[in-house]
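These notes are about the structure you will find just below.
The values are calculated or read from the model by the stated rules, or taken from the named source; none is laboratory data. The shown structure was predicted, so the numbers you read here are calculated from the model rather than taken from an experiment. FYI the Cβ positions are ideal-geometry reconstructions off the backbone, even for glycines, and counts take in every protein chain you see.
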Amino acid sequence: MAEIDPHLQNAMYGTPEINPDEKHYYLGTFKERVYATQQIKTIDQTDLILAWKNEIKRHPAGLLLLNGRVEMTQLNAYMQLAKQQDIEFRLVNDPVLMKSPLGVVYTASQAIEGGPVAIEDTVTPVVTEQNQAEAKKPWYKRLF
């Protein structure tokens, strides 16, 4: 079978990408550029905003990527934070990238030392008396 000219291959199949799955997961950037991430399911947790503020202060030259699948009312706090901290943010609306479970990604323009940190892991959960009482109840009493 004859080799197809690379120019024709690019025209037929598109330009080949490096690590496309990784780029789709991290909203269009590579893993080695990511400072921190946050899952879509935790976007409503307001205590994570302070953790983001600390992360941005440690790395002031980053870019905040926001998943376009998340409601704008939920993303307003992150957009305001980016504006207060004087960093760029970008709303990612590419249908392929919007399938990612990540809602917020803070990234650099070049590769960084260390891997991405899940911002949810940096915050210790607040244990209230009601939560402790719920945990101590037998399982059958929690149903009623």
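What is the one condition in (1) among the β-branched types (Val, Ile, Thr); (2) assigned to a helix (DSSP H, G or I); (3) out of contact with any Phe, Trp or Tyr (no Cβ under 8 Å at 6 or more places or on another chain); (4) surrounded by 12 or more Cβ atoms within 10 Å (Cβ to Cβ) that residue 73 does not satisfy?
(4)
Residue 78 versus (1) touching a strand residue (DSSP E or B) at 6+ places or on another chain (Cβ under 7 Å); (2) part of a helix (DSSP H, G or I); (3) surrounded by fewer than 19 Cβ atoms within 10 Å (Cβ to Cβ): which is the lone unmet condition?
(3)
Among the residues of region 1-45 satisfying the criterion of being at pLDDT 90 or above and of a type in the set (Ser, Thr, Tyr), which is nearest to residue 101 (Cα to Cα)?
Of everything passing the filter in region 1-45, 25 is nearest to residue 101 (Cα to Cα).
For every residue, the table says whether it meets (1) without any contact (Cβ under 8 Å) to a residue 40 or more places away in the chain; (2) assigned to a loop (DSSP other than H, G, I, E, B).
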position	(1), (2)
52	no, no
56	no, no
65	no, no
86	yes, yes
89	yes, no
104	no, no
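Kindly indicate the residue of region 30-50 that is surrounded by 14 or more Cβ atoms within 10 Å (Cβ to Cβ) and hydroxyl-bearing (Ser, Thr, Tyr) and also farthest from residue 70 (Cα to Cα) among those meeting that condition.
35
Hey, does region 20-29 have a residue that's out of contact with any Phe, Trp or Tyr (no Cβ under 9 Å at 6 or more places or on another chain), exposed (fewer than 13 other Cβ atoms within 10 Å of the Cβ) and under 19 Å from residue 109 (Cβ atoms)?
No, that holds for no residue.
From the set of residues in region 6-43 that are of a type in the set (Gly, Ala, Ser) and either within 30 Å of residue 59 (Cβ to Cβ) or assigned to a strand (DSSP E or B) (or both), which is farthest from the chain's Cα centre (by Cα)?
28
Starting from region 112-135, take each residue that is at pLDDT below 65 and list its partners that are part of a helix (DSSP H, G or I) and not aliphatic (A, V, I, L, M), counting only C-beta distances under 7 angstrom and pairs at least six apart or across chains.
Short answer, once both residue conditions are applied: 134/142.
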